[in-house]
Structures are given as structure tokens and as C-alpha cells.
Amino acid sequence: MESTTILNNVEERHVEELDTVTIRFAGDSGDGMQLTGTQFTNTSAVMGNDISTLPDFPAEIRAPAGSLPGVSGFQLNFSSHDIRTPGDQPNVLVAMNPAALKVNLPDLEDGGILIVNTDAFSENNLKKAGYAISPLEDGSLQGYRLFKIPITTVNRAALRDEVKIPSKEIDRCKNFWALGLMYWLYDRPLEPTLQWISDKFGKNPEVGKANATALRAGFAYAEAAEVFTTHYRVKRAAITPGKYRKITGNEATALGFVAASVQAGRPLFYASYPITPASDILHELSLRKNFGVKTFQAEDEIAAVCAAIGASFAGNLGLTGTSGPGLALKSEAIGLAVMTELPLVIVDVQRGGPSTGLPTKTEQADLLQAMFGRNGECPVAIIAPATPGDCFHMAIEAFRIAVTHMIPVIYLSDGYLANGAEPWRLPTMDELPKFPVKLKDPVPAGTPFFPYERNPETLARSWAIPGTMGLEHRIGGIEKEDITGNVSYEPENHMHMVVTRAEKVDRIANDIADLEVFGDPSGRLLVIGWGSTYGAITSAVEEMRKDGMSVSSVHLRHLNPFPKNLGDLLGKFDRILVPELNLGQLAMLLRAKYLAPVISFPKVKGKPFKISELTAKIKEVYED
Amino acid sequence: MSTNINTTDAGNGQPLVKLNRKDFVSDQEVRWCPGCGDYAILAQIQKVMPELGIKRENMVFVSGIGCSSRFPYYMNTYGFHSIHGRAPAVATGIKASNPELSVWVITGDGDALSIGGNHLIHAIRRNLDINIILFNNRIYGLTKGQYSPTSEFGKKTKSTPFGVIDYPLNPLSVAIAAEATFVARSVDRHTEHLQMVVERATKHKGVSFVEVYQNCNIFNDGAFDMFVARDVKADRMIELEHGKPLIFGKDRNKGIRLRDMHLDVVDLSGGASESEVIVHNEKSPDSYLAYMFARMEYPDYPVPIGVFRDVEKPTYEDLLTDQVDGAIKKMGPGNLEKLMHSGETWVVD
């Protein structure tokens, strides 16, 4: 439906209530789409909607303007009820240029709202996007509610006499103009963004004024020019009462590690080498020096993990963070931490692989690398957060396991969690686990000390740090004699130590919660997920259950070892479906461990599951 | 480095008991080949330790992989035998976490300059207050006789039956280029000189890089004999001493002069004047001369030993501690609840 006609004298425009809206802002990577999306998200969160976001940006910092690889998008889902994903299909697409239209149009729902900046549809830009004829003129957009707005022109007109900044700077405000328009369309207040502008541009008030003026102008244009016949309202969501903030997975991860340090009573040492999409954790933690957090930007991935191991040996919470390629480089050193039985946490914010792969896209294909990617029998604990907010709790859990069991822990986040945001209910201090570390006490010189003597329950050795009198000892990567920790090439001892290190990991299962089933504890179909697929899987299962189907799900946050009740659960369903953003890695582990006939549902496209993809697969497997 | 020198108090109110060499000998059997130069280095370091006034529990020896890297097992201190090439990175984590510790890196020519080259230069440029002792025997010993990055051009080894075609690295040139604040060289069998250099390295606040010529009597025997042997060393080596002219020779009749950006060996008994000879200044803010000295190789020059460079610069761990202290002073000690509740929050009833 074409809606460019301006309606005359319609005093009261129709207001329509909606449950859930999914919007995608798309433009050139220099167009400020991430900022626009973030502002809309923040405002919606403050209004009490439930939200979920999916930024989608290119790996190139500034790909050529107007080109297809340079398109940057930000999708957000806001709702009056509980939502868990950024939405399958946008209902609204804001396309700031032809390339953005070309890349994003296939995702827009049929009949969806499509807002385009017609000023950007120049011959040159059309060519760059690969359009022979302008799609605005060839009728190809008939299936959508198209709003053609010359955003650059109207933004210039609004700002020209108001602010004294160069016209190039004026044009850079057009994203705020578009945001203003969207605020009117979805009945949002301008105040949170105006406040943000005034905080952000305090030192540059003219630019601040320009952005504020653009925002107001976009809003006023939508209201006065009567482009739209309807505007929409999405009520507050009925979410658990409490105090909330919006948080991304990387922010929550960093915050969780600071919390772990506080709860363990040991300083945090974070060593990392910049890598997408993990670098934000380094940025966040480097701000937390007043918590005694030390951050170290190492010369490479190997140095980062080795410095973290050194820090652990010295009594700090040694932490390193990376993405898949970096995890590969750290393998040997992780083996050293396994051998020396030191607490260490390794964050892998997974991205598309192999090799450099798709740095800014999401994937879950490092599970088997985390599990097996080292020489020798080299087990580590593996955990994975399920949502951006859960990153906070699982970061604490990572160190709780590492220091309680004196073992390295790999924490598998991914690009989708790292950059996605959701409202996060702030936990109270007493909701957080406490696990004060007990270091080995000094002994008078000459008293024998056995560095590999073990706690009989966990098999953990003691944490004896340099600077402690009487505990001088030597550790290293050569096989250790149990108890004494001396170098040993004894055949029986090696077998014993290999088994002991495996048993140490297995015994973590005594110390983690049983899985909770979403739905009935037995039935026709069980869906098993892990990591960032939680939202899509849970929503899909919820939908199927509403349709009366006997479908349940469990979500694994502990992947090595598995929670104790997993084996029993597998026997209580006729069919088991394992959707993953890889070619079936968890499925392989489940088959190997439980001999369970699981059905793998892989997707490796650099994108998260859509709810509709999962419901379709669930139906297929259910009826099969 | 100069960490925690303390001769009067053990930190627990008790007077510090003077330790002796044996207190630094661990209960582990030393497993180097009989006749290896490593024994001499171990003995000198164990001998120097009690003189440093550092508590044994505050010492950490970190190593990588190779013959020399077995060293920590033989020291009755804290020790970490890490993985190949990575000792400087492990040591960085230890020192940055606890600046009170006296941290030592024991490494070899392959460990430090081949697989671990990257970590070495970065640990040096950060100027952590650690001591790096590089045992240079110009060969891979533990893997049984392949050439190393310091092996001479053309050398025939197990992996180069037709001769080495890589040009060797000079460890001191690398250290000076990476802005090391203390650079020295000694020889395994020059026991007193080695003790002096180790002691000086310990007292230096900042990174100390010491190359020790070490004989591998199995795979590269006599590699340094042509200049370190007792009967020739006076004419073929030169000892750098701060404030003293670069004069050498059995008869102290030869000197080193700088002319046209080039070092010359001059004959003081044959017309050259002592006033032309360079006076060594290890405190010079410029590293150029130290670099030129590092390039003096036999047979063109006498091989220099001693302290090439000893300058002051703030250390990494002090700067890091200052940032942490500064943040606490400015923002107050971290309050987790406050941090969680920061940013834009809203309440759902």
C-alpha cells in the first residue's frame, strides 16, 4: 500500500494497540544506525516494555559509503509481554539508502511498514546497491506500506536556520530526525533521548542542539505532515517487579566478573588481546580499577592467557577473554593450567568460523574446541550463559567453579549475547553466591608441604601462593606426582593423574543445580538447547504448548560436566531435538555420553534461530 | 630489579635469619648433563641469593622449555616451569598481580628468541621489575642438537648438515632495541663476574636482561672457547665498567675508539692516545653506544662483558598500581551494588 499522500485535516488519527513490534533501522555504517536503535531501545525499556535487540554490523569499520558490505542494521523487539528474542521478522524497516533496502528487505514481513530516505536514492547509490531501476519506481515494493520521505532535505530545512554547524554535520543528524519520526509513530516520549543528547554533547552544545532539533523535527513532521494515518501504542509489559537496567551480554559478563572478585574476596586480573566480539569486556573491566581490577592488554592471545595463569599462581582471579581464533591460540596454555591445577577462566565470545570466519556474526561452533581442543587428556569445565542478563550470573559461576575446584573454566558466550541487550532485573547483594577463597596458610619453614594434596570431596588441591612462608614449591607442565607435585614419569602415576583430572571435572556435577524442565517432565518431545538459543527455543516451545502439543525444553548452562539429571530426562521423552548454531556439536556429545538418539537441528548462517524456524522443525519432528 | 630488599625484618616481627646458599637448594636431583655450564650458573645464583636480603618465599623463578628451563626445580623458592617461550608472559602476570615478589625469568636462546621472541620484547619494553637471565649456548640441547637463532651463520648441526643459512640474532641488540633499562652479559665459568652481574641485575629497579654465555658440552662444546678461555680472554674480551675507559689486553695496551660512527680497536703502545678511548657510561640516556658495544664480536673486536646499560624508568607494575590507587582515591573503593545500579535504571511495580 502506497501511503505517500498526505491526508487532509484529519484531526484525530487512529491509535492502534499492539502487543509486540519489531523494528529494524538500517543504513550505511556511518549513518549512526546502532545509536538510533540503542536510543529507541532505551526509551522503550524506560517505558516499561520488555525488549530484546540484535545489532548487525559489518566487520569493516567504514566500508565504502553506499555499498552493500557497508550496511549496518539494528533490530529491536519491544513488547507488552515477556519476550526472549529480537523478533523473527521486522514489522518495520527504516532504510536510509538503497543498499540498506536491498540487504534488509527480504526480512521485512509482508505488508510491513517501510520507511525510506528518498534523498539517498541517487543514481550513483542505486548503482552501488546493484539496482538497475529505482525500486521506489518499479512497483517492486507494492507488497509493503511504503513511506517515501526526503529525510536529508527535510532535516536540512529544519536545521539550517537553527544551528551554526557545517552542512555536513547537519546531514549527520538525519538519524535523529528518523528516530523522532519513529518516536511519534510508536508513541514514545522524546525526553530520555533529549537527556542523553544533553549529557553526551555537553562540551559541544551546538552539535547537541542540532541533534535535539533533528529529533524534534522528525517527531513534528510525523505529527503535522500527517504522513501516517495511524500511530501505535505498545503497553507496559507485565514483567517481574524490581529495579531494571538495560544490559548487553558483554556488559553483564564484565560486571559479573567484578562481582565474582568481590564475592571471592580476591582481586581480578584480566589479560586479553583485542578481538571482535570480545573487546568490550576489556573496555568495561579497564574502567573498574577502583575495584582493584587490573587489566592487561597483552602482545598476543598466548601472552594474555599466560599472564592470567601467572596471576592465578600469584593468587589473583586470573581471567582471559577472546573469540574462537584466540581460543585456538590459547590451547597449549590452557593445558598448562589443567596440569598445574590453577583456577583460570577463559571467555570465548564465539563468532562465525573457521579461521577469521565472520567476525561480527554469531555462531556456537566452538563447543567441541572448548571440550577437546588441546593435546593430551585435558578436560576443563565448560559453562554457557543463556541470555544477556544471564551472562552476569554465569560469570560469577565461572569463578565459583574455578576456585572451588582449582580448575580452568571455559565460558562460552557468543556474538548474539555479547551485543544483544535486554532489560536486566538488578539482583540484590544477598541473591549473589558467596564463595570466599581460602588460601593455604603459611607454615614454619621446614614443615613439609604437599602442593598436590587434595580435598577428598572435590579433589581440588590447595591454592598456595608465592609470598606465603613455608609453602615454597615448584609447578609446571611436566606430569606431576600426586600429593608431592614433583616431576614424575612413572606409568602408574600418569594414569592415576589423568583419571584424577577427569574425575575432578566430573565431580563438579555434585555442585551444580539440576536442570529445570520448561513444560512437563515427560512427554512426546524434548528440545535441548545451550547458550544464546535459549530465547528462541523457549518461545517456540511455549507456542507449541499453547497449541496443545506435548513439547518441553531444557537449557544447558553447564556443558562439562552436564547436570546430573540430564541422563534421566532423556529417557522420559519419545523424541529429542537439539537445535544449535553449528553442525550438531552438542548433539554429538549427547549421543556419545548417553547413547541417546537425538535429532540435530543445525543452523550455521551467522544469525540466531528464528522462532518460526524452530516451531516448523518441532512440528516436523513431533509428527514424524 | 630491586624488589623487597629487607635485611632487618622478616615481615612477621621476627629478625630476618641470614640464609645461606643451601637454603636455596631444593630437594630435587639436578638432571643436567655432567659438565654442563648450567651447573655453574645455578651455583652462582644460589650463592648470590642469600646476599640479596630477599625472603625466600617472596622469590619466584619462572621458565619456559629447554635445558635451562629446568632451573626452577632446583631452587628452593616458588617456581613455575611453564611452556615454551612463554615465561616472560607468565612472569608478567605474577609481577603485575603481586609487585612485592622478586620475579626471575630463566630462559635459553631458543626459548627466548625463537618461539618466545614476541613475549621477550614486550616484557622488556614494559619495564617490569623482573630479572631475565638468558642462557645462550647457541644450540638446541633438549631436542638434541638443532641450530638456534643465535647459532653462527654456516654452522653445521643436526638440522643443518650443509650449514645454517639464517643470520643469527644478537640477544643484547634485541634487548637494547626493546628499550631494556638494564643490559648485561657474563660467562658461565667467570664465576665472580657472573655473581657481580646477577647482583647488579637484582638491584636494578626495572627490567634486567642478562645474557650468559653457557657452554653445552654435548652439542656445542667449546662454542665460546676462542675468547672465554683463560689464556686468551684478556686479549679477546673486554670488561665494561662504568666510568672507565674501554681498555683491554694482557698488557692493557689496546683500546676502543669511536670514529666516523664506527668503533675502532686502537693500539695504545703504537701511537694512539688513551684520551681517544671511549669512557663507558652505563647511565647514558642514549642507547646507541651500548648497542654498538653489543655488536662487537670476535674476531673483529674483543667481546664485551659487564653492564652495558643501567638506566631508570618507571616500572609497569608501579604505574599499574598507581592507576588502581588513583581510581580508588578518585572514585572510592568499589561498591558492587552501586555499580550494578549505575546507568539508566527503572522500576517495575
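The values are calculated or read from the model by the stated rules, or taken from the named source; none is laboratory data. None of these values were measured; they are calculated from a predicted model. Cβ coordinates were reconstructed from backbone atoms using ideal geometry, including for glycine residues, and neighbour counts include every protein chain displayed.
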Subject >> Filter result for B:VAL183 (away from every other protein chain (no Cβ under 14 Å), in contact (Cβ under 8 Å) with a residue 12 or more places away in the chain, within 17 Å of B:THR202 (Cα to Cα) and not aromatic (Phe, Trp, Tyr)) >> reply: yes
Original post:
Can you pull out the residues in the stretch A:362-379 that are of a type outside the set (Asp, Glu), away from every other protein chain (no Cβ under 14 Å) and surrounded by fewer than 24 Cβ atoms within 10 Å (Cβ to Cβ)?
Top reply: A:ALA365, A:LEU368, A:GLN369, A:MET371, A:PHE372, A:GLY373, A:PRO379
**OP:** For the stretch A:291-332, name all the residues that are surrounded by fewer than 22 Cβ atoms within 10 Å (Cβ to Cβ) and either more than 22 Å from A:PHE435 (Cβ to Cβ) or among the acidic types (Asp, Glu) (or both).
**Re:** A:GLN297, A:GLU299, A:ASP300, A:PRO325, A:ALA328, A:LEU329, A:SER331, A:GLU332
**OP:** Only residues that are surrounded by fewer than 24 Cβ atoms within 10 Å (Cβ to Cβ) and more than 7 Å from chain A (Cβ to nearest Cβ): list them for the stretch B:92-111, please.
**Re:** B:PRO99
Original post:
Within the bounds of the stretch A:94-107, is there any residue that is without any contact (Cβ under 8 Å) to a residue 60 or more places away in the chain and more than 27 Å from A:GLU613 (Cβ to Cβ)?
Top reply: yes
**OP:** Sort out which residues of the stretch A:146-165 are more than 13 Å from A:ALA178 (Cβ to Cβ) and in contact with a Cys (Cβ under 7 Å, 6 or more places away or on another chain), and write them in order of number.
**Re:** A:LEU159
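Name the one entry in A:MET497, A:MET469, A:MET429 that is facing chain B (nearest Cβ under 8 Å) and within 25 Å of A:GLY310 (Cα to Cα). Write out each step before concluding.
Values: A:MET497 fails: facing chain B (nearest Cβ under 8 Å); A:MET429 fails: within 25 Å of A:GLY310 (Cα to Cα).
Only one candidate passes the filter, namely A:MET469.
Could you list, in sequence order, the residues of the stretch A:339-379 that are aliphatic (A, V, I, L, M) and either outside any loop (DSSP other than H, G, I, E, B) or more than 30 Å from A:HIS473 (Cα to Cα) (or both)? Spell out the reasoning first.
To start, the set of residues in the stretch A:339-379 that are aliphatic (A, V, I, L, M) comprises A:339, A:342, A:344-347, A:349, A:358, A:365, A:367-368, A:370-371.
Scanning the stretch A:339-379 gives A:MET339, A:LEU344, A:VAL345, A:ILE346, A:VAL347, A:VAL349, A:LEU358, A:ALA365, A:LEU367, A:LEU368, A:ALA370, A:MET371.
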Original post:
For residues in the stretch A:88-114 being in a loop (DSSP other than H, G, I, E, B) and among the small types (Gly, Ala, Ser), which is surrounded by the fewest Cβ atoms within 10 Å (Cβ to Cβ)?
Top reply: A:GLY111
Original post:
What are the residues in the stretch B:238-293 that are part of a loop (DSSP other than H, G, I, E, B) and out of contact with any strand residue (DSSP E or B) (no Cβ under 9 Å at 6 or more places or on another chain), if any?
Top reply: B:LYS250, B:ASP251, B:ARG252, B:ASP260, B:MET261, B:GLY271, B:ASN281, B:PRO285, B:ASP286
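What do you reckon, is B:MET296 assigned to a loop (DSSP other than H, G, I, E, B) and either over 20 Å from B:PHE182 (Cβ atoms) or of a type in the set (A, V, I, L, M) (or both)? First the steps, then the outcome.
Working: assigned to a loop (DSSP other than H, G, I, E, B): yes; either over 20 Å from B:PHE182 (Cβ atoms) or of a type in the set (A, V, I, L, M) (or both): yes.
Criteria met by B:MET296.
Can you tell which of B:THR202, B:THR150 is in contact (Cβ under 8 Å) with a residue 12 or more places away in the chain and either of a type outside the set (Val, Ile, Thr) or in a helix (DSSP H, G or I) (or both)? Reasoning before the result, please.
Details: B:THR150 fails: either of a type outside the set (Val, Ile, Thr) or in a helix (DSSP H, G or I) (or both).
Going through B:THR202, B:THR150 in turn, the sole match is B:THR202.
One line per residue, one yes/no per condition, for (1) more than 9 Å from chain B (Cβ to nearest Cβ); (2) out of contact with any strand residue (DSSP E or B) (no Cβ under 7 Å at 6 or more places or on another chain):
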position	(1), (2)
A:ARG266	yes, no
A:GLU284	yes, yes
A:VAL293	no, no
A:GLU301	yes, no
A:ALA308	no, no
A:LEU329	yes, yes
A:ALA333	no, yes
A:THR340	no, no
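Being more than 25 Å from A:GLU226 (Cβ to Cβ) and in contact with a Gly (Cβ under 6 Å, 6 or more places away or on another chain) narrows it down to one residue among A:PHE74, A:PHE57; which is it?
Working: A:PHE57 fails: in contact with a Gly (Cβ under 6 Å, 6 or more places away or on another chain).
Result of the check over A:PHE74, A:PHE57: A:PHE74.
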**OP:** From the list A:GLY315, A:GLY256, pick out the single residue that is farther than 30 Å from A:PRO86 by Cβ and outside the structural domain of A:ILE51 (by TED's automatic domain parsing).
**Re:** A:GLY315
